[in-house]
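Undergrad: Below: one structure in structure tokens.
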Amino acid sequence: MLMDEGTELSLSIAQVVQRLRGSHLHSQIERQAKECLHQPEIKLESLKEDVRSFLKTSGWERKLQNAVYRELQLPPSHPAAPPEHLKEPLAYMRKAQANWEKRILKSLNSMSTELGLPLARKRPAVEQKELTNKWNEMGTDEPDLSRFRPVYAPKDFLEVLINLRNPNHDCSEDVSARSHWGLIQVPLNVRDIPQLRRAYSELNLTTGQLGIDDHAHMHPGNEKKLVEEQDSAAAQQYSRQGCPTGLRADLWALILNATNQPQDVMHYEQLKAGVIQHDLLVDNLIYKDVKLTASNDDYYFVFEDFLYQVLLCFSRDTTVLEHFKYNSATPPKSYIQGNMGNEDCAVVYPPNGVIPFHGFSMYVAPLCFLYNEPSKLYSAFREMYIRHFFRLHSISSSSSGIVSLCLQFEKLLQTHLPQLFYHLRQIGAQPLRIAFKWMVRAFSGYLSTDQLLLLWDRILGYDSLEVVAVLAAAVFAFRAENLMEVTSLASAEAVLADLSTLKVIPLIQIFLFATSI
């Protein structure tokens with residue numbers, strides 16, 4: 001049964017109202033409305049209008065608008081659709097994701113068994129005190145991590161994506177599938193260059209971009225006004241042309257509606273208390289990951305302590321579980337000791353439902369350049385994760401999901417650089433095998449930080465990760481001449497080993513708007 005637009009709109013409004021009704025913001029606005037009744041300018045005969053006017057002038061209306069805007073950014077749910085369809089509409093994708101989760105959980109459980117370590121334990125009082133004292137210098141601690149290994153690395157995940165097949169799709173009849181030279185063999189709709197040009201029109205060659213025309217003052221005074229007005233939607237639109245370095249932190253917080261109110265600080269402190277009280281096996285995976293990635297990075301090693309704090313708190317944050325309503329993944333469950341198989345004794349593990357993998361800490365590292373207050377850094381990262389980053393390591397048909405990004409990258413490359421694609425394929429250097437690691441991390445750790453932040457400006461501005469696939473294809477286009485000379489996967493990787501000198505926005509612009517079609 002198709003609903004008319006009016007019914008659908010009223011259902012969307014009802015859903016947003018329902019989600020906001022139990023929020024802290026709702027109770028704050030309610031309290032403000034009650035308190036303003038004592039003010040002389042509030043008249044009984046025009047009570048409703050006066051209260052509304054008060055909430056508007058005191059800034060609460062804008063806060064409500066931003067909260068509604070945040071809700072509208074989340075994937076919409078249709079009341080008649082079963083919950084699993086909101087998670088992922090395609091059954092074969094859901095099945096593949098479920099099988100992948102079983103593998104990850106099995107790997108974690110076998111590590112627990114092999115090492116003889118419980119998944120969780122309460123820390124003795126002495127250990128709690130020790131951790132409290134060194135909370136701001138955890139990087140100086142050198143626990144023995146030699147026995148721990150990442151649960152999986154991006155290349156393991158890529159193999160799963162390569163083997164994805166739609167059982168209802170007969171490739172033998174599909175000319176386009178047969179002529180697709182890439183590794184991803186599932187039929188998903190991804191945008192080509194003409195469609196991307198329309199969608200990303202603000203990136204065209206005649207529009208000023210921060211990251212190229214930094215002295216052009218494209219929007220004089222606008223940025224400060226945006227921050228003062230606290231308008232999420234306007235900040236998001238603005239971000240499409242890049243954010244000025246000095247205001248990026250404020251603009252991103254606005255777009256993400258990542259507040260740093262007393263209740264946010266309190267929430268962070270509660271998570272910190274949870275870390276101090278209980279030791280989780282995944283903590284070691286977090287330590288190991290930071291040591292293997294950010295600690296060895298010229299840009300990010302100084303933020304080692306911040307990364308531990310944010311990631312350890314993140315693993316305890318049960319509010320993250322909310323995003324599994326629209327994430328194709330399902331939070332893993334473990335059993336309380338001695339109750340294997342008893343569903344009543346099953347608990348989500350880790351508490352946030354996210355098992356970190358090799359490179360996970362690089363989702364947080366760039367944000368450390370923007371936020372030096374742990375609770376604010378934490379809020380921004382959590383919002384970035386539940387809006388965007390979860391899509392990079394779960395199997396789904398979403399246009400921002402990693403499967404679509406891989407397919408889009410391959411199709412852009414094959415359509416616009418067929419000779420290069422064919423050459424690399426012939427020498428056993430499938431382009432996706434090189435580009436996958438960039439995309440799964442949204443290029444974090446591969447670009448210089450200033451360039452990475454300009455890329456992430458556009459992810460937030462367009463509320464999509466598509467630009468990541470476009471950049472990956474643009475990098476190959478930029479190095480095409482050298483790549484045509486290589487004769488092996490190793491030499492192709494060598495040509496693309498260092499991306500730190502690349503300028504992101506010109507590459508994307510040239511690829512999208514100066515490529516002949």
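Undergrad: Tell me the residue from Ser404, Ser444 that is hydroxyl-bearing (Ser, Thr, Tyr), open to solvent by less than 10 Å² (accessible area, probe 1.4 Å) and within 14 Å of Leu471 (Cβ to Cβ), please. Before the answer, list the steps.
TA: Numbers: Ser404 fails: within 14 Å of Leu471 (Cβ to Cβ).
Only one candidate passes the filter, namely Ser444.
Undergrad: Can you report the number of residues in the stretch 117-129 which are open to solvent by 70 Å² or more (accessible area, probe 1.4 Å) and under 15 Å from Ala273 (Cβ atoms)?
TA: Qualifying residue count for the region: 3.
Undergrad: A follow-up question, please. Can you give me the ranges of the helices (runs of 4 or more DSSP H) entirely in the stretch 428-500 with at least 3 residues that are of a type in the set (A, V, I, L, M, F, W, C)?
TA: Values: elements: 431-440, 449-462, 466-478, 480-483, 489-495.
The helices (runs of 4 or more DSSP H) meeting that bar are 431-440, 449-462, 466-478, 489-495.
Undergrad: Also, quick follow-up: Kindly evaluate Thr501 against the criterion of being farther than 22 Å from Arg191 by Cα and not charged (D, E, K, R). Full working, then the answer.
TA: Working: farther than 22 Å from Arg191 by Cα: yes; not charged (D, E, K, R): yes.
It is true that Thr501 is farther than 22 Å from Arg191 by Cα and not charged (D, E, K, R).
Undergrad: In the stretch 245-350, which helices (runs of 4 or more DSSP H) lie fully inside it and hold 2 or more residues that are out of contact with any helix residue (DSSP H, G or I) (no Cβ under 6 Å at 6 or more places or on another chain)?
TA: 248-256, 262-277, 281-292
Undergrad: Go through the stretch 97-121 and give me each residue that's among the β-branched types (Val, Ile, Thr) and either closer than 19 Å to Thr330 by Cα or touching an Asp or Glu at 6+ places or on another chain (Cβ under 7 Å) (or both).
TA: Keep residues of the stretch 97-121 that are among the β-branched types (Val, Ile, Thr), which gives 104, 113.
Scanning the stretch 97-121 gives a single hit, Ile104.
Undergrad: Restricting the search to the stretch 363-384, which residues are surrounded by fewer than 22 Cβ atoms within 10 Å (Cβ to Cβ) and in a loop (DSSP other than H, G, I, E, B)?
TA: If the condition is that a residue be surrounded by fewer than 22 Cβ atoms within 10 Å (Cβ to Cβ) and in a loop (DSSP other than H, G, I, E, B), then Leu370, Tyr371, Asn372, Glu373 are the ones that fit.
Undergrad: Let me ask something else about it. If I ask for residues that are in contact with an Asp or Glu (Cβ under 7 Å, 6 or more places away or on another chain) and open to solvent by less than 30 Å² (accessible area, probe 1.4 Å), which ones from the stretch 316-335 would you list? Reasoning before the result, please.
TA: So the first thing to find is which residues in the stretch 316-335 are in contact with an Asp or Glu (Cβ under 7 Å, 6 or more places away or on another chain), and the list is 328-330, 332.
Of everything in the stretch 316-335, those that are in contact with an Asp or Glu (Cβ under 7 Å, 6 or more places away or on another chain) and open to solvent by less than 30 Å² (accessible area, probe 1.4 Å) turn out to be Ser328, Ala329, Pro332.
Undergrad: Based on what the data block shows, is Ile212 at pLDDT 70 or above and under 22 Å from Leu502 (Cβ atoms)?
TA: Values: at pLDDT 70 or above: no; under 22 Å from Leu502 (Cβ atoms): yes.
In short, no.
The values are calculated or read from the model by the stated rules, or taken from the named source; none is laboratory data. These numbers were taken from a predicted model, which means no experiment stands behind them. Cβ coordinates were reconstructed from backbone atoms using ideal geometry, including for glycine residues, and neighbour counts include every protein chain displayed. Heads up: the accessible areas ignore ligands, DNA and RNA and are worked out on the full protein's heavy atoms, side chains in. Shrake-Rupley method; radii C 1.70, N 1.55, O 1.52, S 1.80 Å.
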